[in-house]
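To start, the structure itself, in structure tokens.
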Amino acid sequence: MIEQTEPCETISRQEPCKCIHCQLPVPTGRQADLDSRFCCAGCEVAYTILNDLEDSFREDLVAIEPGNHSDLSYEEMDHPRFRELYARADERGCFRIRFHLEGMHCASCVFVIEKLPDYLPGVLSARVNLTNSSVDLLWDSQQVPLSQIARTLDRLGYRPHPPQPNDAERIFRLENRKYLIRLGIAGACAGNVMLIAFALYAGMFTGMSAEHLNLFRWASAALALVSILWPGQVFFRGALSAVRTRSPHIDLPVVLGITIGGCAGLYNSLRGAGEVYFDSLTVLIFLLLVGRYIQFRQQHRALSRLSLLRSLTPRSARLVSGDEVLNVPIEVLKSGDVVEVRAGDLIPADGLICEGDSSVDESILTGESRPRMVASGEAVTAGTLNLTSPLRIGVLSVGENTRIGRLMNLVELGISSRQPIVELANRIAGLFVMTVILLALVCMGIWWSTGIGQAVSHSIALLIVTCPCALGLATPLALAVAQGKAAQRSILIQSGDVIERLAQPGMLWLDKTGTLTSGNMQVQDWHGERRYFPLVGALERQVVHPIASALTRFIEQQPESGAPDHPVIRNMLSQPGMGIRGDIDGRSITVGSEAYLIDQDVTIPPEFQDLITVYHQRGLTAVLAVVEGETVLIWGIGDDLRPDASATIQQLRADGWTVGILSGDHPEIVCGIARRLAIDSELVHAAVRPEEKLAIIQESTRQGTTVMVGDGVNDSAALAAATVGIAVHGGAEASLQAAAVYLNRPGLAGVKELLDGALLTHRVIYRNLLLSLMYNVFAAGLALAGLINPLLAAVLMPVSSLTVLICSFVNHAFEEPRS
């Protein structure tokens, strides 16, 4: 019997609560459950089984209720189209599918999921991969539907998701495998050659027989050739491409150094005299590959995103078929179908409303923070949110043919058309190669009179000691360190060239909603009689609308402003997006916009009309309350500025950036925000569509460095087209995919930290390159003067790499601000 322990609430709060099964910490969310002593549902089930309750496991499963199940039906998984897309049949007529699971925590999760065939007839096998939180299932569809398997996993606390086709991820796995193979071979060769080198160096002082000396020389030569011709071939391919395209690249001097060092080592091995340089060459190849692999991994970590289109539209839809409403995969829909969209659901396709009136949140596409009223016969767009009432929509286009699909194509086109900048190290690589070759010829000419052997020896020493190892490491190491530090500060940088793109100030365009503002409607100001708050609150709770929600939240936070006990509301009439009226306890209450009150024949007093004008100037929506025909309250509701917006914009201007606003929101609201931030009206563009944003950004990039900061799908094409696109915390998945940088924290302070960090990192790169060049100039001078021989040159060569390595970590960019 397993030892019993006390539940979490009886354990001292100064000690972390541990799972009684696996001894891992219990997550905070589960500690709130006073009866929970487990870190996950898997441990709970495993613990039960291991306590000799195997026979009653099915009954225990019914009793176990993890707190995070979703109550979804997963009916769409039983549709033939879903099976065609995500499953594959075997020779027995059974099907295989892979699910990605939420909530995978420890080995007990693996144990309980792999027990699925024991208590769910029809499931033939379940194999879990804890590393990527996935399960491979084999099931007989004649015995158990896939939806039942999914519901069982969900009820156990592991919500299943079908895999999304992702060619980028497949390509990454192949490239990652190639990188690791190259690194492994290069590391093995370098390690063994270094061991042989220690023996050779020791033999210099104590003596070594000729046969052993030749054995060690040729053994190291063989290992070095493996390193050069296998993992080192990546540098030769890069140099060959640079020659063919006549573009400078750091691989050119690297290949020159490797070739000369390798040929000199082989020549000395053949003649049985002189020094071999295979230890330095193999270590050089290994270090350069390590730097490139770090860059590769950092780039992939920032690029790990979901499929653009699938992240913006629902995976299933409610298809109207006669008198039935069927839950089907989104891929089943075609033009001419009718779908039902309930309040709170995303619209799955572009179409025309056949039945119903509602309000639709289109901010994901337009940036407009206020919902749009829609009625029968009006067009709606895939990916937008139905807010208030059920709709039936006739499908016009689906998938890539929808407006959001066409916008995603623009995003991908913008990403693919980005021209990679030439790193500073690459720009000087061509000059470096020519200079080193010229110096080697000069060195040979200087020492020719002393004998050809001496002249060749000094020239080889010069070529080896000036090998551009440090030059090749200067940029990738600095960028990799900066990217790692930035990630710790919740700033994810897609690739190293972003740092260089941000080194010079230029034009900075900011989206309004979610970037300059919080993205949530709030009451900013109010005037009137507080005693009517309970009546207004009782009426507004009957409405599903962002403004109504903001109003009810505000009223609930006021002292003694709760709703009347059991209010009786009669004759209620709501006009979505405009207002609502009703009778509460015999009194007539009307709440709504100025236009709605005028339609209700309400006369608005002059003092309230003045407040309406003031609110509009501030970019706020005015909402009024009328009791028994008398206007008694007015609220100014809007999306408030982020606390750090004004100060950050002032600092950015001081750093040389020109700041403007690009927003799809109403001009009155945008201009009000711009006035509060003192942004020139010529740099403010309001009510612009995504295509117009893209055109403005394209024009701006032609004039110089252009940075776009946004968070919505309507920003994604502009983010992709900008010199650098920055997606902010809480943004839509498409904006994260399109952007080169993601700030995983709210506010604009992260933008300022990013720009400052890029500038500091750029300085570190310059410092590294300067140190590398200074070393090469000094070492070349020693070689020209005949003060170093090839052996000493091979010893000195790694010193510059070590110096650059240390200096790369002495980088104060993206560090926690000192208090």
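The values are calculated or read from the model by the stated rules, or taken from the named source; none is laboratory data. No experiment lies behind these values; they were computed from the predicted model shown. Here the Cβ positions follow ideal geometry from the backbone for every residue, glycine too, while neighbour counts run over all protein chains shown. We work out accessible area using only protein heavy atoms, side chains counted, and drop any ligands, DNA or RNA first. Shrake-Rupley method; radii C 1.70, N 1.55, O 1.52, S 1.80 Å.
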Relative packing of peptides 739-752, 332-345, 174-187, 696-709 - highest average C-beta neighbours within 10 Å first: 739-752, 696-709, 332-345, 174-187
Hey, if you put +1 on the Cβ of every Lys and Arg and -1 on every Asp and Glu Cβ in the range 494-626, which of Pro546, Gly528, Leu597 ends up farthest toward the positive end of that dipole? Pro546
Rounded to whole Hz, the Karplus (6.51, -1.76, 1.60) HN-Hα couplings of the range 744-761, x for glycine and proline: 8, 7, x, x, 9, 4, x, 5, 4, 5, 4, 5, 5, x, 4, 5, 5, 5
What FRET efficiency do you get for Thr613 and Arg653 if R0 is 41 Å and r is their Cβ-Cβ distance, rounded to the nearest 0.05? 0.85
For the pair Glu630/Ala785, report the inter-label distance in nm, with labels modelled 7 Å from Cα in the Cβ direction. 9.9
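Any idea what the dipole of the range 75-165 comes to, in debye rounded to 20, about its Cα centre with Lys/Arg Cβ at +1 and Asp/Glu Cβ at -1?
On the way: 11 positive and 12 negative charges, 23 e Å.
Computed about the Cα centre, the dipole is about 100 debye.
Give me the extension gain from Arg315 to Gln703: residue separation times 0.36 nm, minus the current Cα-Cα distance, reported in nm with one decimal. Please list the in-between numbers first.
Numbers: separation 388, 0.36 × 388 = 139.68 nm, distance 4.14 nm.
Full extension of this stretch gives 135.5 nm more.
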Roughly what would the spin-label model give for Ser125 and Arg553, points 7 Å off Cα along C-beta, in nm? 5.1
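Over the range 75-165, what percent of the accessible surface lies on carbon and sulfur atoms, probe 1.4 Å?
Numbers: 1900 of 4220 Å².
That share works out to 45 percent.
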Can you list residues whose amide H is under 5 Å from Gln522's amide H, if they're 5+ apart or on another chain and H is modeled 1.01 Å from N? Gly638, Asp639, Asp640
Per residue, accessible area of the range 167-244 with a 1.4 Å probe, heavy atoms of protein chains only, in Å², comes to 60
From the phi angles alone, apply the Karplus equation (6.51, -1.76, 1.60; θ = phi - 60°) to the range 254-265 and give each ³J(HN,Hα) in whole Hz, x where the residue is Gly or Pro. 5, 5, 4, x, 5, 5, 5, x, x, 5, 5, x
Under a crude label model (7 Å from the Cα following the beta-carbon direction), how far is Arg342 from Arg81 in nanometres? 2.0
³J(HN,Hα), Karplus 6.51/-1.76/1.60, whole Hz, each residue of the range 581-592, x for Gly, Pro: 9, x, 10, 10, 6, x, 10, 7, 10, 10, 10, x
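In the range 627-734, what percent of the accessible surface is made up of carbon and sulfur (1.4 Å probe, ligands and nucleic acids excluded)?
On the way: 1760 of 3860 Å².
Answer for the range 627-734 is 46 percent, counting heavy atoms of protein chains only.
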Non-local residues with an amide H under 5 Å from the amide H of Val602, with H modelled 1.01 Å from N and Pro and chain starts lacking one, are none
Heavy-atom accessible area per residue, the range 520-640, 1.4 Å probe: how many Å²? 49
Over the range 75-165, relative contact order from alpha-carbon pairs under 8 Å, at least 6 apart, %: 33
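Suppose R0 equals 56 Å; then what is the FRET efficiency for Asp140 and Asp644 from their Cβ-Cβ distance, rounded to the nearest 0.05? Let's see the in-between values first.
Working: r = 58 Å, r/R0 = 1.03.
That pair, Asp140 with Asp644, gives E of 0.45.
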Given a Förster radius of 35 Å and the C-beta distance between Leu195 and Glu102 as r, what FRET efficiency does 1/(1 + (r/R0)^6) yield to the nearest 0.05? 0.15
